[in-house]
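The values are calculated or read from the model by the stated rules, or taken from the named source; none is laboratory data. Here the structure is a predicted model, which means the values were calculated and not measured. Here the Cβ is made from the backbone with ideal geometry for all residues, glycine too, and neighbour counts use every protein chain on show. We work out accessible area using only protein heavy atoms, side chains counted, and drop any ligands, DNA or RNA first. Shrake-Rupley method; radii C 1.70, N 1.55, O 1.52, S 1.80 Å.
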Amino acid sequence: MSKITFSRGGVHPHDNKLARECRIEVLPLPPVMYVSMAQHLGAPAKPIVAPGDFVKAGQVIAEPGGFISAFVHSPVSGTVKSVAPRKDLAGNPVMHVEIAVEGDVWMDGIDLSDTLVTALPEDRDAVLAKIKECGIVGLGGATFPTHVKLAPPPGKTAECLIINGTECEPFLTSDYRIMVERPREILVGAAIMQNVLGGCRCVIGIEENKPEAIAIMKKAIKELGYEKRMKVAVLKKRYPQGGEKQLIDAVMRRQVRSGGLPIDVGAVVQNAGTALAVYEAVQKNKPLVTNVLTVTGKSLPESRQHNYLFRIGMPLSYIIEQAGGAPEGAVKLVSGGPMMGKAVSNPDAATVKGSSSLLYLDAADTMRKSASSCIRCGRCADACPMGLEPFLLNRLAKVSDMDGLEANAVQDCIECGCCLYSCPANIPLLDNIRVAKGQVLGIIRARAAAKKQ
Amino acid sequence: MRDVLIALAPAEILSVLVYGWSELLVLAVGITSCVLLEWAITKWMLRKPSTIGDLSAAVTGLLLVMNVPSSTPWWIVVIGSIVAIGIAKMSFGGIGQNIFNPAITARVFLLVSFPRQLTDWSVSQGFIHATDAISGATLLGVYGEGGMEALTAIGYPENHKMFMDIGGSAGEISAALLLLGFIYLLIRKVVKPWIPLSIIGTVFVVSTIFYFVNPEVYTGPVFNLLTGGVLLGAFFMATDYVTSPMSTLGGVIYGIGIGVILMMIRYFGSYPEGVSFAILIMNCFVPLFNRWFHQKKFGRA
Amino acid sequence: MTSVIVWTIVILSCLGLILAIILFLVAKKFKVEEDPRIDEIEKALPGANCGGCGYAGCRAFASSAVAAPNLDAHFCPVGGNEVMKKVAAVLGIEIAEKAPQIAVLRCNGSCTNRPRTNVYDGLQSCRVKAQLYSGDTLCPYGCLGCGDCVAACQFGAISMNPETLLPEIDETKCTACGACVRACPRKLLELRAKGPRGMREYVACSNRDKGPDARKACKASCIGCGMCFKTCTHGAIVLENNLAYIDFSKCKLCRECEAVCPTGAIHGVNFPKELDKAAVKERIAKRKEAEK
């Protein structure tokens, strides 16, 4: 079996998939849910409910706020208590709809059964509309609205749909679990997207450290008779394999140009979780109101590692409580993986569509060591999957040399953290580079806006 | 840095065994004075947290010791440490800021200031009996003085085993052990092979050309590779992170530059050996190479 | 031997002479004609090149001032009125005096007032911290405490108080150049009129959350209750987004707002006497009674 990977950079952190054997459990409903209006990339959604309204599970409670935006649905049935700003997990105020849970009544027409529906719909536009109506966004982390990605601009055609099952971040196991437990649903979802994109080829990329998932997916392809339309690609274990540009490079041997989109090289990448959400939306008429989240960490005993099916909008504190509280020895709670996840400063925050994990890190793994001088060993440059020179960008950022930063492509940074991970001097490279990237992107946007006028 | 110390250890241990107490004294003085000096400078002059924990001062001290003869008086070694740590390293702002390799700067300083002591290859009795090859003068020295004829007169090449006890500075004693150390560094992924390879390749090509033009006057490639500090310099000093280019292309050009300059000095210069000068000269170009050559960026072909 | 010395001296002297002539000619040929007043103004300026005036440095300020029709857009915050008078004298015009200003921190989230809810161990830079999250307290508006303002101040006027973890401004050193105002990612520092004998009133809070949230985050926060707004008889207080703001051009320093503020978010500094809250409250009550 030939294993493929992306062409440059990358690091090999220990994968620590501690919750890999934990079956997906369904969490009971909390008394109150908080549904964020900004759980996707792009403009926040506009709430269309008012306090006092009764909503059913699966009912639209907010409409897209722009072209790149998404519908938001009520995950539960109950009464809207308030529509007001509430702090997200980083502590910044975001508009939320607060719903007091009453029973569990779903909208009519939503199929909650487990029966597999394999008949693929014919009408492309109807499928796209359904995906949009159901509020599907990319569940790999960026939460980009899926219907936008599935409708390439005129003149561009998709040659390859890549289903991202790499889950290259250490600790995370939610994608792995759905691939093991619901492989056929994912494949039908992939086939639907494949048809929407005009019948391009389809590759399911899975890293070699998940042999069970590879075997199960291969078996499911045979069972469904999909051998001709899709195949599984086994990828080497290497971070950040799940990065969109890196995955395209690994699977198709093509590099997305700086500032370009995957569709420029004929690629569309969708996460395995997104494929499942598409299946549920198109075949079962179920909007995106649930997702799978891993609760894990080295300080948790094996019995307390979990993969939960949660309703989007459950407060993190509720999930923490259901999982038995914070373990001793943990000093940091992270939402997402240890490389790119965000530290949770506000445990009262609500889960969003992109929530993939609650990770407890202990002091040895997370606390920064004091930085020493750069000796230009070049490990950061070797590790950078985008071929940048983090040591140089860091130096330019410190003196605010915006022209130098732009010339050295700080805007290409994918913030994967490989430089920080590889630096033997513990220099906070990414912290400086991230700020500089924001500033340079601002300058580029301002220049583009000035050109238009 | 610990890996560099480990990699240098076999050659230095052999040289202690061969040269005896005098080398042990030089070694002790060299490393202690470098480390103490760095500690003192950070404490009293820069008032910064000490950086001796990163072992870079120890590496500088060891390299300096390996670059001078075992018969060097201890006070010259101390002066060398002051130049290496005080002038070449700390006055630029400490580790990571220096333009020139500290150990080489110190060696060159000592060589031009104390030429007699620094080319005194007289040998004291060591802990193990060395073969007859360790004589009063290095092969390069003989060649520099009297050309090819003088070399033939002392029985080159028949009487000289090239991979053991070549003679010269302490660290140049064994090409085989230096190679071993370098392979260790490669395996540990501490250094990349491009700079040493390009230096060795250039030395090989240049000396081959000259040797074929006139073998009566010019020494051959094997002689040039295995004598003097080529291997020590190429493996351990030209690859110093701080003073070598970061990109592969820059590194290759840097290596070629060192190789050419070193062969020119050997063939035409007044010094018998040119590795230190070559590396110092090419050190000057490193900031320029770092500005010119960058690694290939993703999606910007 | 003597001839060597003599020759050395002769050659060096000649070399020196030739180089001097070349330098002279070059200086003459490439001489740039400049308004002499620029030099004079630059001499009058403090020479800190702090950029507080909005120009790149003192020289840039001087050349811009010479070209400008009047000095309305030019003010050196460091030198103040005294220096500006000198500048005006050089240009031969008159200028009006400006009230001296000082930087003020609009946050009072000290450790005791605003409990830390998490630990930040990233880069010690407010700019980086602000981009990552709302900070190590529940207040997403307050001071981040990494000292970007301290680093920005060229005059050593700002220092971090290790007990409160808030920056403190030394009134004797602050020149109101505005560097700290630009450095703060939370826009907590404000240049305000220094006030008569340094007396001034200001709201030491920037929290725009609703009352209960603000109160939960910090004991000394402005909860937007409007007590000060209702009390003020000079119309100096603006209440917007759950946050009060005192307009210093209208404030008469009566200190009534400070007395009625339930959280102590309003600060009065440099007053000769300590505020007797009870007395002021009584006074307000009597006035209200009379109004009825």
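Scanning region B:212-249 for residues being in contact with a Lys or Arg (Cβ under 7 Å, 6 or more places away or on another chain) and aliphatic (A, V, I, L, M) gives a total of 2.
In region B:210-231, the residues that are not assigned by TED's automatic domain parsing to the domain that holds B:M264 form no Cβ pair under 8 Å with any partner that is modelled with pLDDT under 85 and outside any loop (DSSP other than H, G, I, E, B), whether six or more places apart or across chains. Restricting region C:161-177 to residues that are open to solvent by 50 Å² or more (accessible area, probe 1.4 Å) and more than 15 Å from C:L188 (Cα to Cα), the residue that is nearest to the other protein chains (Cβ to nearest Cβ) is C:P162.
How many of the residues making up region B:42-57 are surrounded by fewer than 21 Cβ atoms within 10 Å (Cβ to Cβ) and either in a helix (DSSP H, G or I) or touching a residue at least 24 places away in the same chain (Cβ under 8 Å) (or both)?
Taking region B:42-57 first, the residues surrounded by fewer than 21 Cβ atoms within 10 Å (Cβ to Cβ) are B:42-50, B:52-55.
Of the ones still in play, those that are also either in a helix (DSSP H, G or I) or touching a residue at least 24 places away in the same chain (Cβ under 8 Å) (or both) are B:42-46, B:48, B:52-55.
Here the count works out to 10.
Only one of C:G92, C:G109, C:G147 is open to solvent by 40 Å² or more (accessible area, probe 1.4 Å) and more than 9 Å from chain A (Cβ to nearest Cβ). Can you tell me which? Of the residues listed, the single one that is open to solvent by 40 Å² or more (accessible area, probe 1.4 Å) and more than 9 Å from chain A (Cβ to nearest Cβ) is C:G92. For region A:213-225, the criterion of being closer than 20 Å to A:F144 by Cβ, in contact (Cβ under 8 Å) with a residue 40 or more places away in the chain and assigned by TED's automatic domain parsing to the domain that holds A:T143 is met by none of the residues.
For B:T42, indicate whether it is at pLDDT below 90, out of contact with any His (no Cβ under 8 Å at 6 or more places or on another chain) and among the polar types (S, T, N, Q). No. For region A:252-289, enumerate the residues that are touching a Cys at 6+ places or on another chain (Cβ under 8 Å), under 30 Å from A:R8 (Cβ atoms) and surrounded by fewer than 24 Cβ atoms within 10 Å (Cβ to Cβ). Correct list: A:M252, A:G266. Restricting region A:421-436 to residues that are touching a Leu at 6+ places or on another chain (Cβ under 8 Å) and in a helix (DSSP H, G or I), which is most open to solvent (accessible area, probe 1.4 Å)? Only one residue fits best here, namely A:N432.
The single residue among B:S50, B:S56 that is within 14 Å of chain A (Cβ to nearest Cβ), within 26 Å of A:G378 (Cα to Cα) and in contact with a Ser or Thr (Cβ under 6 Å, 6 or more places away or on another chain) turns out to be B:S50.
Across region A:144-156, not a single residue is classified as assigned to a loop (DSSP other than H, G, I, E, B), polar (S, T, N, Q) and either modelled with pLDDT of 95 or more or in the same structural domain as A:A215 (by TED's automatic domain parsing) (or both).
Checked across region C:116-134, the condition of being more than 14 Å from every other protein chain (Cβ to nearest Cβ), at negative phi and in contact (Cβ under 8 Å) with a residue 12 or more places away in the chain holds for no residue. There is at least one residue in region C:43-54 that is more than 21 Å from C:R182 (Cβ to Cβ) and out of contact with any Gly (no Cβ under 6 Å at 6 or more places or on another chain).
Hey, can you tell me all the residues within region A:176-202 that are of a type in the set (D, E) and under 23 Å from A:K132 (Cβ atoms)? Outline the logic, then answer.
Of all residues in region A:176-202, those of a type in the set (D, E) come to A:181, A:185.
Matches in region A:176-202: A:E185 only.
Of all residues in region C:77-89, those satisfying the criterion of being open to solvent by 30 Å² or more (accessible area, probe 1.4 Å) and part of a helix (DSSP H, G or I) are C:N81, C:E82, C:K85, C:K86, C:A89.
Do the conditions hold for A:G324, that is, is it in contact (Cβ under 8 Å) with a residue 12 or more places away in the chain, open to solvent by less than 30 Å² (accessible area, probe 1.4 Å) and on the phi > 0 side of the Ramachandran plot? I'd like the intermediate steps shown before the answer.
Numbers: in contact (Cβ under 8 Å) with a residue 12 or more places away in the chain: yes; open to solvent by less than 30 Å² (accessible area, probe 1.4 Å): no; on the phi > 0 side of the Ramachandran plot: yes.
In short, no.
Of the residues A:G442, A:G337, A:G354, A:G404, the single one that is more than 14 Å from chain B (Cβ to nearest Cβ), at negative phi and in a helix (DSSP H, G or I) is A:G442.
Only residues that are open to solvent by less than 40 Å² (accessible area, probe 1.4 Å), assigned to a loop (DSSP other than H, G, I, E, B) and touching a Gly at 6+ places or on another chain (Cβ under 7 Å): list them for region B:242-269, please. Result: B:V242, B:S244, B:P245.
I need the full set of residues from region A:380-390 which are more than 7 Å from chain B (Cβ to nearest Cβ), touching a Lys or Arg at 6+ places or on another chain (Cβ under 9 Å) and buried (at least 23 other Cβ atoms within 10 Å of the Cβ), in order please. Reasoning before the result, please.
Step one: filter region A:380-390 for residues more than 7 Å from chain B (Cβ to nearest Cβ), giving A:380, A:382-384, A:390.
Among the residues that remain, those that are also touching a Lys or Arg at 6+ places or on another chain (Cβ under 9 Å) are: A:382, A:384.
Within region A:380-390, A:C384 is the sole residue that qualifies.
Taking the listed residues C:C184, C:C174, C:C225, the one that is over 19 Å from C:H267 (Cα atoms), in contact (Cβ under 8 Å) with a residue 12 or more places away in the chain and hydrophobic (A, V, I, L, M, F, W, C) is C:C184, with no other qualifying.
Would you call C:I9 over 24 Å from the mean Cα position of the chain (by Cα) and either among the β-branched types (V, I, T) or not in a helix (DSSP H, G or I) (or both)? Give the steps one after another, and end with the answer.
Details: over 24 Å from the mean Cα position of the chain (by Cα): yes; either among the β-branched types (V, I, T) or not in a helix (DSSP H, G or I) (or both): yes.
Criteria met by C:I9.
Residue-by-condition table, conditions (1) assigned by TED's automatic domain parsing to the domain that holds C:S134; (2) within 27 Å of C:S125 (Cβ to Cβ); (3) among the charged types (D, E, K, R); (4) within 17 Å of the chain's Cα centre (by Cα):
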position	(1), (2), (3), (4)
C:P162	yes, yes, no, no
C:L166	yes, yes, no, yes
C:E171	yes, yes, yes, yes
C:T175	yes, yes, no, yes
C:P185	yes, yes, no, yes
C:M199	no, no, no, yes
C:C205	no, yes, no, yes
C:R208	no, yes, yes, no
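Name the residue, out of B:S33, B:S22, B:S70, B:S15, that is farther than 27 Å from B:M282 by Cα, open to solvent by less than 50 Å² (accessible area, probe 1.4 Å), more than 14 Å from every other protein chain (Cβ to nearest Cβ) and not in a helix (DSSP H, G or I). When all the criteria are applied, what remains is B:S70.
When every residue of region A:38-49 is checked against the conditions, none turns out to be closer than 25 Å to A:T143 by Cα, open to solvent by less than 30 Å² (accessible area, probe 1.4 Å) and assigned by TED's automatic domain parsing to the domain that holds A:M193. Right, A:A364: closer than 30 Å to A:S317 by Cβ, small (G, A, S) and either more than 14 Å from chain B (Cβ to nearest Cβ) or not in a helix (DSSP H, G or I) (or both) or not? The answer is yes for A:A364.
Filtering region B:254-301 to residues that are within 14 Å of chain A (Cβ to nearest Cβ), in contact with an Asp or Glu (Cβ under 8 Å, 6 or more places away or on another chain) and touching a residue at least 12 places away in the same chain (Cβ under 8 Å) leaves B:H294, B:Q295.
Could you tell me whether region B:223-234 includes any residue that is under 30 Å from A:C384 (Cα atoms), open to solvent by less than 50 Å² (accessible area, probe 1.4 Å) and part of a helix (DSSP H, G or I)? Scanning region B:223-234 turns up at least one residue that is under 30 Å from A:C384 (Cα atoms), open to solvent by less than 50 Å² (accessible area, probe 1.4 Å) and part of a helix (DSSP H, G or I).
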